[in-house]
Amino acid sequence: MDKIIVEGGKQLKGAVRISGAKNAVLPVLAATLLTRGRNIIQGVPKVRDVATMIKLLEDLGVEVESYHNEKIILDTSRADNPEAPYDLVSTMRASCLVLGPLLARLGEARVSLPGGCAIGERPIDLHIKGLEAMGAKITLEHGYVQGKADYLKGIKFYFDTVSVTGTANLLMAAVLAEGETILENAAKEPEVVFLADILNLAGAKISGHGTDIIAIEGTTSLKPIECTIFPDRIETGTFMIAAAITQGDVTIENCIPKHVEPISLKLQEAQVGVEISKNKIRVKSKGPISCVNAKTHPYPGFPTDIQAQFMALMTLAQGQSIIVETVFENRFMHVSELKRMGADISLDGHTAIINGVKSLSGAPLMATDLRASASLVLAALAAKGSSIISRVYHIDRGYVGIEKKLSKLGAQIRRIK
Ligand code: EPZ
């Protein structure tokens, strides 16, 4: 198992290029199952979750015609296996994204129920409820979701909870359903909007995406997908915080400032310099960090995927900050590790109270989930002394060569096998 070693205290300086958005490419890969032909996707980030999804698609009969330099060509003409195997699905919850497309394409699906994960139980009850309403017969047996649908019909569906992949799943199923589907309380994440736009380019008839209500007019078939994945807003936010926590000066070159507005505003509130231009953001320290409160919400609110990284920054802020996690029930796994570095944090349910300290000290650390591990790297960059972070496979799920990008910015960081 790889480990990452960080010698803290270096100010990050320079420019960094952000890779494609993991949470945009995963649904688009699943959506290729709605087509029969050569799908061309560019800007694909080489992260573990993408490799897992590609393996899953190959198991379903999709042929990878070519895949290099972030460009993949997938031939879906002969994908006729409806079963997504446990050994793949259990490592990545987002595998459930093939459920809707398989039912739409083959009229059947057998997808292992995703295990929970460190941040919460993460059920897919809303995915199932929506697909059943569209006419699928769904049973749960031997840890598999078994679905059958002679055909899918358009429905009006209300999401009790905003669900990103739930919205994506039903959106993809609705594209080939009979009649109109209305999804209410739909997710507005840029990744969902991108999926809808790409499906429309392939012949779907989707409107309202980016608002609470998405309407889909079912059609009979789609052309193959062609697209370029946009830069990852969570990676962008992670590097913005890396610049702030090390009192550095970093320009993030290819990003979409609109996607990270809540993070820019919070950093400005914390007295960090944030200069925004068309597709660049420069984060420049202006001195001590002020404490700032934050509460996570679905997009366009403050993203839950940045909560752990922002908390790392607040451990070194002046004063007390309150962070409330409203999306997941157990997304404070980073707290105990940050406290081992000397952070002063107390938890009360979904609320974390952080009293800023003068400095953190490097320590041996254990990563638990993707974003918690990013927060430990950020804290280690600012800590005095060295830190060794183990189980870094978590971080490789969502970041392309994070240690290479950080060392290019002057961090003293390396990976050991
Ligand atoms: C997506 O997960 C992202 N993953 C997550 O990013 C992100 O944290 C999350 O959205 C919230 O923004 C991908 O896009 C692949 P949800 P998803 O369904 O879709 C509850 C990362 O770090 N819920 O929006 O699984 C659920 O338990 C990952 O890249 C139900 O109760 O999240 C959670 O509390 C981590 N029933 C809340 O809704 C359901 O059927 C939001 O979950 C579905 C969800």
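Please treat every number below as a calculation from the coordinates, not as lab data. Because the structure is predicted, anything quoted here is derived from the model rather than measured. We place every Cβ from the backbone using ideal geometry, glycine too, and count neighbours over all the protein chains shown.
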Can you give me the long-range amide H partners of Met366? Hydrogens built in the peptide plane at 1.01 Å from N, cutoff under 5 Å, separation of 5 or more residues or another chain. Ser390
Distance in Å, no decimals, from the C-alpha centre of the range 370-417 to the one of the range 257-281 is 23
Taking placed amide H atoms and a strict 5 Å upper bound, the residues 5 or more places from Ile289 or on another chain that come that close are Gln318
Pairwise label distance in nanometres, Lys408 with Ala133, each label 7 Å out on the Cα-Cβ vector: 4.5
Projecting the Cα atoms of Ala383, Ala367, Gly401 onto the charge dipole of the range 351-415, where Lys and Arg contribute +1 and Asp and Glu -1 at Cβ, the residue farthest towards the positive end is Gly401
Under the Karplus curve 6.51 cos²θ - 1.76 cosθ + 1.60, θ = phi - 60°, whole-Hz ³J(HN,Hα) for the range 332-343, x wherever Gly or Pro sits: 10, 5, 7, 4, 5, 5, 4, 5, 5, 8, x, 5
With the dipole of the range 1-99 worked out from charges on the C-beta (+1 for Lys and Arg, -1 for Asp and Glu) around the Cα centre, which of Asn23, Ile73, Leu33 lies farthest toward the positive end? Asn23
The helix 22-31 Cα axis meets the longest alpha-carbon principal axis of the chain at an angle in degrees, between 0 and 90 and rounded to 10, of 10
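What percent do you get for the relative contact order of the chain when only Cα pairs under 8 Å and 6+ apart count?
Across the chain, relative contact order equals 21 percent.
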Nearest 500 deg cm²/dmol is fine: what mean residue ellipticity at 222 nm does the chain get from its DSSP H runs of n ≥ 4 alone, each adding -39,500 (n - 2.57), divided by its residue count? -9000 deg cm²/dmol
Amide proton proximity set for Phe302, modelled H, under 5 Å, gap of 5+: His297
What are the ³J(HN,Hα) couplings of the range 3-18, residue after residue, when phi is run through the Karplus curve with 6.51, -1.76, 1.60 and θ = phi - 60°? Round to Hz, x for glycine and proline. 10, 10, 10, 10, 9, x, x, 8, 7, 7, 9, x, 10, 9, 9, 8
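How big is the charge dipole of the chain about its Cα centre, in debye rounded to the nearest 20, if each Lys and Arg gets +1 on its Cβ and each Asp and Glu gets -1 on its Cβ?
Rounded to the nearest 20 debye, it is 1560 debye.
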Under 18 Å Cα-Cα from Lys404, which aspartates and glutamates qualify once same-chain neighbours fewer than 8 residues away are excluded? Asp2, Glu7, Glu70, Asp232, Glu235, Asp249, Glu253, Asp396
Work out from phi, with θ = phi - 60° and the Karplus expression 6.51 cos²θ - 1.76 cosθ + 1.60, the ³J(HN,Hα) of each residue of the range 213-219, listed in order in whole Hz, and give x for Gly and Pro. 10, 10, 10, 10, 8, x, 9
Cα axis of helix 370-382 to longest principal axis of the chain: angle in degrees, 0 to 90, nearest 10? 20
Any chance you could give the angle, 0 to 90 degrees and rounded to 10, that helix 233-245 forms with the longest Cα principal axis of the chain? 0
XL table Lys223/Lys266; Lys10/Lys280; Lys46/Lys284; Lys55/Lys148; Cα-Cα > 32 Å flagged, in table order, is Lys223/Lys266
Which residue, chosen from Leu176, Ile225, Thr52, occupies the Cα position most advanced towards the positive end of the dipole of the range 22-228, where the dipole is computed from +1 (Lys, Arg) and -1 (Asp, Glu) charges on Cβ about the Cα centre? Ile225
Report, ordered by chain and residue number, the lysines lying within cross-link reach of Lys339, taken as a straight Cα distance under 18 Å and ignoring same-chain residues fewer than 8 apart. Lys358, Lys384
